[in-house]
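Here's the structure we're looking at; comments come further down.
Values quoted throughout were computed directly from the atomic coordinates according to the rules given, and no laboratory measurement underlies them. Owing to the predicted nature of the structure, the values given are computational and were not obtained by experimental measurement. Cβ: placed from backbone, ideal geometry, glycine included. Neighbour counts: every protein chain shown.
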Amino acid sequence: MSIQDNYLKNKKNIFFSENKDIQSHREKLINIFENNRFDKKNNESLKNINLKKFIDFKYRYLISEETSVINNNQENIYSIVSVNGQCSSFKDDKIEITKILDEDYNDFSKNNTIENNDHFVNLNSLFLNSGFKIVIKKNNNIKIKISNIITDDDLTIFQKNNYICEEGSSLNLIEEYENKNNSISNILNVIKLEKNSQLNHFLIQDNSPNHNLIITSHSSCKKDSTYTQKVYNFSEGYVRNFHYSELIEANSEADLQGIFFLKDNNTTNNKTFVKHLAEDCKSNQVYKGILNDRSKATYFSNTHVDQVAQKTEGYQLSKGILLSDNASYFSKPELKIYADDVKCSHGSTIGPIDENAIFYLRSRGMSKIAATKILISSFINEELSSIDNEQMSEIIQKKLVRYLSKVK
Amino acid sequence: MFLEIKDLSVKIENKNILKGLNLNINKGEVHAIMGPNGSGKSTLANVLAGKEDYEIINGRINFKENDLFDLNIEERAQEGMFLAFQYPVEIPGVNITPFLHSAINSKRKRMNEEEIDNLSFAKLLKSKASDLGINIDMLKRSVNTGFSGGEKKRYEILQMSILNPDLAILDETDSGLDIDALKIVTDGVNKLKTKDNSFLIITHYQKLLDYIKPDYVHVMVNGSIVKSGGSEIAAEIEKDGFQKFQ
Amino acid sequence: MNSETLDTLDTYSKNKYKYGFVTDIDDEKPKKGLNEDTIKFISLKKNEPEWMLNWRLKAYSKWKKMKEPKWANLSFPEIDYQDIYYYSAPIGFEKKPKDLSEVDPKLIETYNKLGIPLEEQKVLAGVAVDVVFDSVSVATTYKGELEKLGIIFCSIGEAIQKHPDLIKKYLGSVIPPGDHSFSALNSAVFTDGSFVYIPEGVKCPMELSTYFRINAENTGQFERTLIIADKGSYVSYLEGCTAPKRDDNQLHAANVELIALEDAEIKYSTVQNWYPGDENGKGGIYNFVTKRGLCAGKNSKISWTQVETGSAITWKYPSCILKGDNSIGEFYSVAITNNFQQADTGTKMTHIGKNTKSKIISKGISLGKSQNTYRGEVSFLRKADKARNYTQCDSLLVGNQCGAHTVPYIDSKNNTAVIEHEASTSKINEDQLYYCRQRGLSHEEAVSLIVNGFCKQVLQELPMEFAVEAQKLVSISLEGSVG
């Protein structure tokens, strides 16, 4: 079914469709799709994507009977189960969770500058059917774990979440995406860090082959705030991780990292983009991937330094290991720099596992497979050892072992 | 007076580093400044050389009848001031020989002396290098690039001997040197000493002063000189540390 | 930034272009504009065979359907292809003069002023020069000596007449006319350029050189160069270019094709110093150049070295197609932009054969209000077993109104191939400046020294005669005062 047909048929089920402004905005978006379609040739971020899946989908959404759970089981630790992208409201003195439907949408959408350039974000705006807003109140230090559950096959989730870390707050956020159904999740996270706040954001992605996850985030950092994002992608289905950060006030920091493990015919597309718009800011963009069988990956990274953003430090690294001669990796680490007092660099290496290292380990009596596995683990050792949460570290280790067991 | 520092107060990023410092150096004298970390020794060296990060809030410096603050970095160098850096910076791709050649000629130009030609310079460089036990191959390399700590310091002394300064400031030249390297470096300095030039040696340890005999030793603490005297002070510090001066 | 840096920058921006004079010489031009008649006029002037004219017309019909590539980080007003002269020749050049006594003395004087003497006795020892003035080749030196070795070094016009088999076989074989709009345009209207053929096993004993000069106003220069190195041969080729100062922008869209057969090596060096426009961004050459080399045979090697300091706009990606097993591609580049110059330059290394290797060293320096972009693509195709690439691109920013950008595309489809890429962007190091000045060098000298050091990895790849010139040019592009 075409995007337009989907829209016309399901219009009344989509959020905010009674709002005139939003309606006309959505009609504009439909026009963009009609005129521009998905131009694979001139839009490299669409490389390797099976577009048919995302253009000719059939819209279907269920408000689940199961209610979502918010649990404040220990002090400062919250467990949330989001069902089909929805979450019930909750409020205490540290945190406030509201449904996105309760928000003033105009307010909600104002800061969305990435729209129009990204068709998948446009699709999210067009079909929005779920989402929530979480506010961490001033000077609180809390942990949140969110499990994202989808209840049925063939659902199309278009979810938009808003995270606000108020001044001086600190949030540890772990999100799990482990879905077995044949469905599409298109999630947009809009994240705001107020002065002197901190967010450590972990995304653990481990979906089955039929599940498609498109996750986009747009974070902005005010003075002295730090946003750290770590993506662990073990999914056997398609995942798109596009993460944008804006450092809008001085002395803020964005750290966007990811590792992915691909096999069979799987594909992943990754992008990180940091805009330095103020002085004395730092950014890191580091992605590492392991590709087996016929898998394909792309990674685009971009450091943009505005003219006013003096004393910027920006670092990028992209690394890939190809385990099979049918795998392919495309990387484009871009620097766009308009200020002179900067230190920016990027490095990129793509290749097989170091043969000399394999030889060395085999000469010590290790089998070739064992040596390969050890070297893969060491390739991502830094990312694994930096997890300070024991429980999470264990989860990730297990997933790594599962992946390695398929390496031959 | 050859070098006269009067009531010098200097700050960097709103932090006062030098606080009313006084120091006089005459022609032919060797002065040593000793002090604990953070006392402002390196700041003094950099202020003398003209580094631009500092704000002079008070005082004056006369050098060979010039108001030093009227001269920029290169003019001071051309007037005969030389700073042997504590951490000489690497300049990749810039070959040592032409670098030093342009340096010596800019000095000669200012002094209205004839410029030295390629050939004579190469000769001069080679002989000075062999005096300091510097391998000729090192002269084919880029400035300080890939040098070990000891090589960098030796190379600073080589430059000093080529440029033949009136006032040489040695900023912690002994740091990071083993005893053999220290000997080579200090031998080089001693060879350069004449009755017409002066040395200001900045050091943390007394060790260096076993090899270069200073005429005066000053103790610097918290941005000013708290005690001056002969080499007996160095021995005192060696024994008791800086504690009692603080 | 301190005031001295600003002063230095100010001196730099008043860049004086010493090659900006105009030679007052009568020239012959067709009507302005591009149509079949223009192409027929060029072909007739060149006395070309019919197959060549048809080749041009075919390219023209392709061009008509094409649009300019838009992906570069450049902004400029639309080029009006109907407001350009496509051919300009000093009068009396229907036939190339046999020797210098037939050449207009004004022309000889022009080249003397440019430092390119045409009289053989004065020619730089060991460099054979082909000189192209607007649309025609005016002189080729050392021809006889080269002929003895079987080396063909002549203008492409002459090659079309005398060596049609080689032209038919190789022209457009590396850059198909339909590749993109500038290659189609060049294929349709190219006027002159150089042709080189090195026979099997011959190592060319001297540097071959072409010197390009745009003189006439509103004239585009569309030269075409074709170099073929047969099995086991070697050639080093140099290209230099200048143009007068003019207020209008002039279009330069050259095509250069290199073919290296088995065990052959081609070294191609360019010092591009087209008029860059004035300090307000007025005038200057639009330089849209396609350069591509094919390592066709086993163990062949193509090496590009470029020093790009001129042109208002530079759009240029000298590339290598590494088809033969064990073949090697190299790209060394220095690009300096000042005032309102814009450069989008880099390379493309396509690894097709086994064991192929490529190396990319790019140094970009931005000053004034200029924009400088490195854009490069390295791809390993499925069969490129054990292929390797090493890329290093560094950018230096001098002043806070310019931009430095790095856009690498890295595509690996082979799991035995290894690619390594490093890049950095920074401003000129204050500690290095302080150190140099403490030794008595002026601020301006220190900047020039440090920048030259920054470029050294590339400059040392140039042939001796050129390296010294290039170093001076680097300093001149920075300081603008010529000794």
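Structure values in brief
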item	result
The protein assembly as shown - share of DSSP beta bridges that are antiparallel (%, nearest 5)	20
Centroid-to-centroid separation of segment C:248-306 and segment C:356-383 [C-alpha atoms, Å]	14
Total formal charge among the other residues, if their Cβ is under 12 angstrom from that of residue B:53, Lys/Arg +1 and Asp/Glu -1	-2
Antiparallel DSSP beta bridges within segment A:3-352, percent to nearest 5	10
Packing-based exposure ordering (other Cβ within 10 Å, fewest first) of C:263, A:340	C:263, A:340
Kirkwood Rh and Cα Rg combined as Rg over Rh, evaluated for the protein assembly as shown	1.01
Sequence-distant residues sharing a close amide H with residue C:256 (under 5 Å, placed H)	C:225, C:290, C:291, C:292
Using θ = phi - 60° and Karplus 6.51 cos²θ - 1.76 cosθ + 1.60, couplings along segment A:320-329 (whole Hz; Gly, Pro as x)	x, 10, 9, 8, 10, 7, 10, 8, 9, 9
Average beta-carbon neighbours from other chains, 10 Å sphere, peptide B:86-95	6
Rel. contact order, % - alpha carbon contacts under 8 angstrom, at least six apart, chain B	29
Other-chain or far-sequence residues with amide H under 5 Å of residue C:386's (modelled H)	C:355, C:416, C:417
³J(HN,Hα), Karplus 6.51/-1.76/1.60, whole Hz, each residue of segment A:374-388, x for Gly, Pro	4, 5, 5, 4, 6, 4, 10, 3, 4, 5, 6, 6, 7, 6, 9
For segment A:3-352, diffusion coefficient by Stokes-Einstein and Kirkwood Rh (Cα), 37 °C, 0.692 mPa s, µm²/s	159
Inter-centroid distance (Cα atoms) of segment A:276-323 relative to segment A:391-408, Å	25
Antiparallel bridges, percent of DSSP beta bridges restricted to segment B:3-245 (to nearest 5)	55
Ranking of B:205, C:434 by count of other Cβ atoms within 10 Å, fewest first	B:205, C:434
Least to most buried among A:281, C:204 (fewest other Cβ within 10 Å first)	C:204, A:281
Inter-part distance where segment B:26-95 and segment C:422-468 are each reduced to a Cα centre, Å	24
Packing-based order for B:189-197, C:267-275, using average beta carbon neighbours within 10 Å, highest first	C:267-275, B:189-197
Within 10 Å of each Cβ in C:394-407, the average number of Cβ atoms from other chains	5
Relative contact order of chain A, defined on C-alpha pairs under 8 angstrom at six or more residues apart (%)	9
Cβ neighbours within 10 Å from other chains - mean over A:323-331	5
Violating pairs (Cα-Cα greater than 18 angstrom) within the set A:52/A:288; B:128/C:472; C:357/C:386; C:323/C:456; B:27/B:191; A:296/C:413	A:52/A:288; B:128/C:472; C:323/C:456
Relative packing of peptides A:295-302, C:277-284, B:235-242 - highest average C-beta neighbours within 10 Å first	A:295-302, C:277-284, B:235-242
Residues whose placed amide H lies under 5 Å from that of residue A:132, excluding near-sequence neighbours	A:100, A:160, A:161, A:162
Rh by Kirkwood over Cα pairs, then Stokes-Einstein D for segment B:3-245 at 1.002 mPa s and 20 °C, µm²/s	115
Note, ³J(HN,Hα) from phi for segment A:243-252, Karplus 6.51, -1.76, 1.60, rounded to Hz, x at Gly and Pro	10, 10, 10, 10, 9, 8, 9, 4, 6, 9
